[in-house]
Structures are given as structure tokens and as C-alpha cells.
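Peer 1: Shown below is the structure under consideration.
The values are calculated or read from the model by the stated rules, or taken from the named source; none is laboratory data. Everything numeric in this text was worked out from a predicted model, so none of it was measured. Here the Cβ positions follow ideal geometry from the backbone for every residue, glycine too, while neighbour counts run over all protein chains shown.
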Amino acid sequence: MKKILITGGAGFIGSHVVRRFVSNYPQCEIVNLDALTYAGNLANLADVEDKSNYRFVKMDITNAAEINQLFKTEDFDAVIHLAAESHVDRSIANPLAFVMTNVIGTVNLLNAAREYWKGDYANKRFYHVSTDEVYGALGETGMFTESTAYDPHSPYSASKASSDHFVRAYHDTYGLDVVISNCSNNYGSHHFPEKLIPLAINNIKNNRSVPVYGKGENVRDWLWVEDHARAIDVIFHQAKSGETYNIGGHNEWKNIDLIHLLCRIMDSKLGREAGESAKLITFVTDRAGHDLRYAIDSTKLQKELGWVPSLQFEEGLEKTVDWYLDNEEWLNNVTSGHYQAYYDNQYKGR
Ligand code: NAD
């Protein structure tokens, strides 16, 4: 039986990866390691917590001693590393937390793998889940490929770029079997409502203003989170050691167009008059250093490993809205307490 450590499994993407691996690989033991920060929520995994091949370990990856002890006692066959501080706005307010978790935490895991796997890299694998934001920003044309030079602009993307470099360095220097994927913006169920789509759904539902940075001109590529989890599965099982794959939806949207689409879906779901939800849109002062456009070319993944996105955006967005409307308790739980203080501070005076 293979034992796979998944870090950050209580978060948005991590919970989808854990669910997929627990269900699809009953012969594998899945250990979910998560510090349960504000973004970690075991309720995301309520449907798998009783499965016999699933286990949760509460641990902070910045704690090297605890990470080493864990690797010493558990003979992991692989790591799929997703634990991270993930929100750009929070990285602008507190960059050091991003250095600690995303850089130091990743190096702690790499060190533990190096020390306790004892060079048995033919049978072990370290998979690092990363972002397309490491490539910087694009103008009106062009796409990021795997050979685009790194040019991160925010503290978040700088910390993820740094961790990507460390992962490659452990491959080149020590021979560790590593793979990295860089993915575009994800959307779907269990997404913490500080990010654009779930924040807008929550605010529209509650008739609160929907803040849009600048004039909403920034362009992002959006991928359904379950398609990302499937891409991770495919890359984890099929990629050669040292490879990098870009993952994306070939689905670019200006923020303002996306919000208008969401408003139309919400009008219809909530039985509101057409155009009612769009009245809530409020333009706020732009994010500092806001990258204009990201677009990612996932041709390599499609051609070499046969992965393609499964869902059209409109369909995925409607499924996502349905999930939030059907899971009011989940939404109320995560938006109570500290969330409100964070939200008020983030958007005050904007
Ligand atoms: P998230 O913020 O929803 O979840 C992060 C998880 O990591 C949480 O469960 C949190 O408790 C845990 N965590 C944070 N600090 C930790 C620490 N010090 N020790 C242990 N656990 C800790 O993030 P997400 O959106 O699910 O992103 C997961 C990964 O995917 C990240 O590495 C992110 O950079 C990457 N990524 C995200 C996107 C996206 O659109 N969300 C796109 C591309 C790549």
C-alpha cells in the first residue's frame, strides 16, 4: 500500500485533491497534513473523514522539528505539496507570513524528504503545486509557457517562485524526484470567500456591494477546481522526474465581464429581475501592483499526458453558484468571526 502525504488538504484545492485520491485510490493511504489556518477547514472533507484510507495530521510546515519527526516515523512514498498562504491581498499586508510558509515550509518538507528518503528516489516523488503568477504579467497578447522566465510581482508570487526554484534545486543538486505544475485561477466549491468569485457570490446573495478592483480590466484564466485536481492526478502518476507542466482552462475573462456573468446567473437563481444584482457592483481602488493579464498555455500537458479541461466556464460557474446556495451553513461558518474584521479592513475607504 502506498502512503501519500498531501499538505494543505483542508484548503480549497487541497480538499478536492484529497477527495479525489481517497476515492480513486483505495489501495493508497492518504495522509492530509494541514495547520488549519483561517483558510483550512475540515468541513471541506466531511464526506471522506470516515474513509479507512484517510488520516488527518494537524501540523505546521514551518515547524522543521515536527516535520522531520513525521517523516522519520511515517514511510511516505510521495508528497503532494499544496499547503501555502495563497491570497495576494494578504501577502501585500504581511509578506513575511508568505516567506515563512511558502518558502521555509517548502524547504522544510524538501529537507525531510531528502533526509528520510535516503536517496531512494526511484520510488519516491515530491510534487509541488504552484501558480502561473510566478511568470509575472502579460500585455494584451501572448501566453505563459513552461519556458517563460520567472518575473513575480507580488509578495505571494515571489514566495511561490522562490519555492519552485528550491524544488528544482533539490532535483538538480540532490537528485530528488520532483514535479511542478503551475496553474491559473481556480474556481469551484469550498473556495474561501476572500477570493473574487466566492466573495461576489456571498455579497450578491446578501445584497452587499460587490467590490471590483480598478475598472475590472484585469484578465485572468479560470479553471474548474476539479479539472485542476484531475490534472494533478495525471501529472503525479505520469510525469517524468524534473518536469514542469502548465495547467489552465484556455478561458480568459476580464474581471468585470466575469462579475456581470455571475450577476446574471445570480439574478436567475435568486428570482431577481434582470440587472438587479449588477447594481451591487462597486469599483474600488486598485490592488497595488495589480498584474494586468495572465494567460497560460497548457499545450504540453494536453499533448504529452492527454489532459483537457472538462467543463465550459458558464456551466462550471452555475454549478459553483448552486453549491454556495445549497451550502449556506458552510458559508455562514466561514464568514463569521475573523472574516468580517478582515473584510472591513480590506475594503475600508476603497
Ligand atoms: P487555500 O488558502 O485555500 O488553502 C491552503 C491550505 O494550506 C489551508 O488549508 C491552510 O490551512 C494550509 N496551510 C497554510 N499555511 C500552512 C502551514 N504553515 N502549515 C500547514 N498548512 C498550512 O489555498 P488554495 O487556493 O487551495 O491553494 C492551494 C495551493 O495551490 C497553493 O500552493 C497555491 O499557491 C496553489 N494554487 C492556487 C491557485 C488558486 O487559484 N487558488 C491557483 C494555482 C495554484
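Peer 1: So for region 157-165 (the condition being touching a strand residue (DSSP E or B) at 6+ places or on another chain (Cβ under 6 Å) and within 30 Å of residue 311 (Cβ to Cβ)), does at least one residue qualify?
Peer 2: Taking every residue of region 157-165 in turn, at least one turns out to be touching a strand residue (DSSP E or B) at 6+ places or on another chain (Cβ under 6 Å) and within 30 Å of residue 311 (Cβ to Cβ).
Peer 1: Next up: Taking the condition of being among the β-branched types (Val, Ile, Thr) and outside any loop (DSSP other than H, G, I, E, B), how many residues in region 132-177 meet it?
Peer 2: 3
Peer 1: Of all residues being within 20 Å of the chain's Cα centre (by Cα) and surrounded by 15 or more Cβ atoms within 10 Å (Cβ to Cβ) in region 303-317, which is farthest from residue 203 (Cα to Cα)? Just the residue, please.
Peer 2: 307
Peer 1: Would it be correct to say that residue 180 is within 15 Å of the ligand (Cβ to nearest atom), in contact with a helix residue (DSSP H, G or I) (Cβ under 8 Å, 6 or more places away or on another chain), under 30 Å from residue 305 (Cβ atoms) and part of a helix (DSSP H, G or I)?
Peer 2: no
Peer 1: Within region 58-115, considering only helices (runs of 4 or more DSSP H) that don't extend past its boundaries, which have at least 2 residues that are more than 14 Å from the ligand (Cβ to nearest atom) and out of contact with any Gly (no Cβ under 6 Å at 6 or more places or on another chain)?
Peer 2: In region 58-115, the matching helices (runs of 4 or more DSSP H) lie at 64-73, 88-93.
Peer 1: Can you work out which of the residues in region 207-259 that are touching a Pro at 6+ places or on another chain (Cβ under 9 Å) and among the small types (Gly, Ala, Ser) is farthest from residue 88 (Cα to Cα)?
Peer 2: Applying the filter and picking the extreme gives 231.
Peer 1: Out of the residues in region 21-55 that are surrounded by 18 or more Cβ atoms within 10 Å (Cβ to Cβ) and more than 29 Å from residue 89 (Cα to Cα), which is nearest to the ligand (Cβ to nearest atom)?
Peer 2: 31
Peer 1: Return the residues of region 129-157 that are free of Cβ contacts under 8 Å to residues at least 60 places away in the same chain, buried (at least 20 other Cβ atoms within 10 Å of the Cβ) and either within 18 Å of residue 287 (Cα to Cα) or more than 10 Å from the ligand (Cβ to nearest atom) (or both); say none if nothing qualifies.
Peer 2: 134, 152
Peer 1: Of the residues 195, 160, which is modelled with pLDDT under 95, within 15 Å of the ligand (Cβ to nearest atom) and of a type in the set (Lys, Arg)?
Peer 2: Selected residue: 195, the only one of 195, 160 that is modelled with pLDDT under 95, within 15 Å of the ligand (Cβ to nearest atom) and of a type in the set (Lys, Arg).
To keep it simple, each residue is scored yes or no on (1) at pLDDT 95 or above; (2) buried (at least 20 other Cβ atoms within 10 Å of the Cβ).
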position	(1), (2)
262	yes, yes
265	yes, no
281	yes, no
286	no, no
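Peer 1: Further, regarding this structure: Can you tell me which residue within region 1-20, out of those that are assigned to a strand (DSSP E or B) and more than 10 Å from the ligand (Cβ to nearest atom), is surrounded by the most Cβ atoms within 10 Å (Cβ to Cβ)?
Peer 2: So, considering only residues that are assigned to a strand (DSSP E or B) and more than 10 Å from the ligand (Cβ to nearest atom), the one surrounded by the most Cβ atoms within 10 Å (Cβ to Cβ) is 6.
Peer 1: Go through 118, 124 for me and flag whichever is away from the ligand (no atom under 16 Å from the Cβ) and more than 16 Å from residue 5 (Cβ to Cβ).
Peer 2: Of the residues listed, the single one that is away from the ligand (no atom under 16 Å from the Cβ) and more than 16 Å from residue 5 (Cβ to Cβ) is 118.
Peer 1: Search region 159-175 for residues that are without any contact (Cβ under 8 Å) to a residue 24 or more places away in the chain and pair each with any residue that is assigned to a helix (DSSP H, G or I) when their beta-carbon atoms are under 9 Å apart and the residues are at least 6 apart or on different chains.
Peer 2: Cβ pairs passing all conditions: 169/110.
Peer 1: Give me the residue from region 318-344 that is among the hydrophobic types (A, V, I, L, M, F, W, C) and over 11 Å from residue 201 (Cβ atoms) and, out of that set, surrounded by the most Cβ atoms within 10 Å (Cβ to Cβ).
Peer 2: 334
Peer 1: Return yes or no: is residue 227 at pLDDT 95 or above, closer than 17 Å to residue 262 by Cβ, within 14 Å of the ligand (Cβ to nearest atom) and among the charged types (D, E, K, R)?
Peer 2: No; evaluated as a whole, the condition is false for this residue.
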